1. Out of all DSSP beta bridges in the range 22-113, what portion is antiparallel? Express it as a percent rounded to 5.
2. Check Asp65: other-chain or 5+ apart residues with amide H under 5 Å from its amide H, H built from backbone geometry?
3. Principal axis extents for the range 134-218, Cα atoms only, whole Å, descending order, please.
4. From the C-alpha coordinates alone, can you work out the Kirkwood hydrodynamic radius of the chain, in Å?
5. Ignoring everything except DSSP H segments at least 4 long, calculate the 222 nm mean residue ellipticity for the chain; use -39,500 (n - 2.57) per segment, divide by total residues, nearest 500.
6. Enumerate the residues in the range 181-222 having an amide nitrogen under 13 Å from the point lying 7 Å beyond the Cα of Lys168 toward its Cβ.
7. Scan around Ile139 for amide H atoms under 5 Å from its own, H built in the peptide plane at 1.01 Å from N, and keep only partners 5 or more places away or cross-chain.
8. On a full-extension model of 0.36 nm per residue, what is the gain between Leu136 and Ser51, subtracting their alpha-carbon distance, rounded to one decimal in nm?
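The values are calculated or read from the model by the stated rules, or taken from the named source; none is laboratory data. Nothing here was measured: the structure is a model prediction, and the numbers come from that model. Note that we place each Cβ from the backbone using ideal geometry, even for glycine, and neighbour counts take in every protein chain shown. Ligands, DNA and RNA are excluded from the accessible area calculation, which covers all protein heavy atoms including side chains. Shrake-Rupley method; radii C 1.70, N 1.55, O 1.52, S 1.80 Å.
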Amino acid sequence: MRLNKYVQENLWISRRKFVSLVQKWDVFLNWQKVESYGHTIDWWEILQIKSLKINKKISKSNKVDLIVFNKPVWFVCSKSDKHNKIIYDILPKEFANYFYIWRLDKDSRGLLLMTNNSAFVDKFQHPSNQVEKEYLVEIDREFKFWDYKKIKKWVEDDWELLEVKVLKFFTKRNKYFVQIILLEWKKRHIRRILNAFDYNILDLQRVREWDIFLDNLKEWCWRRVKV
């Protein structure tokens, strides 16, 4: 395996940042300076990145670990953010290098899948797999049937087609809800659709991806999923 690939998948350092670290003579293998980010590694070698205080033996692991995390609002799905709190601030340290699958917006909550294997992320998110993502959305007023017909056809926003697979609406305890299932995923997909019809979103929660449900998992908590 090439060193840059190992660093991306296991240490979650972007290629651009890693190239910069190599150019600054900050990366060492077996205490020797690394001159190329594409250097081929052996599994027994010792990797050091001084500025990040990384000193570890390179190990090979093919096991996919998958967890469900119930993300609360006001935390962003990012490795670093100067202006916001990130999900890794509230996750156990053992998941510091895990990748998230289909991020959730800062003001959205619910099911967030995370894994230690970047190849699994790519496979899971590939459009050909048609993975369903289910959301429960509370809105500020009763949903209109003619809006349902328009949304079910498709909505165009900023030159993008925003489609849904399933759209249901219901009232519960004087509150108004929309259940939405997506096959595709575009930035702020649901918010853009509902905002186009002047619905204000009071709460947006993802409750399922594929056949994995949030169930009764409490906010801020996580559990492992068999792969």
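1. Numbers: 14 of 16 bridges.
Roughly 90 percent of the beta bridges in the range 22-113 run antiparallel, per DSSP.
2. For Asp65, the qualifying residues are Asn116, Asn117.
3. The Cα atoms of the range 134-218 stretch 37, 30, 18 Å along their principal axes.
4. Numbers: mean 1/r = 0.0504 Å⁻¹.
After inverting the pairwise mean of 1/r, the radius is 19.8 Å.
5. Numbers: 5 runs with 42 residues, N = 227.
The per-residue figure over the chain is -5000 deg cm²/dmol.
6. Only 181 fall inside the zone, counting backbone N under 13 Å.
7. The list, which skips near neighbours in sequence, is Tyr176, Phe177, Val178, Leu202.
8. On the way: separation 85, 0.36 × 85 = 30.60 nm, distance 4.34 nm.
Roughly 26.3 nm would be gained on extension.
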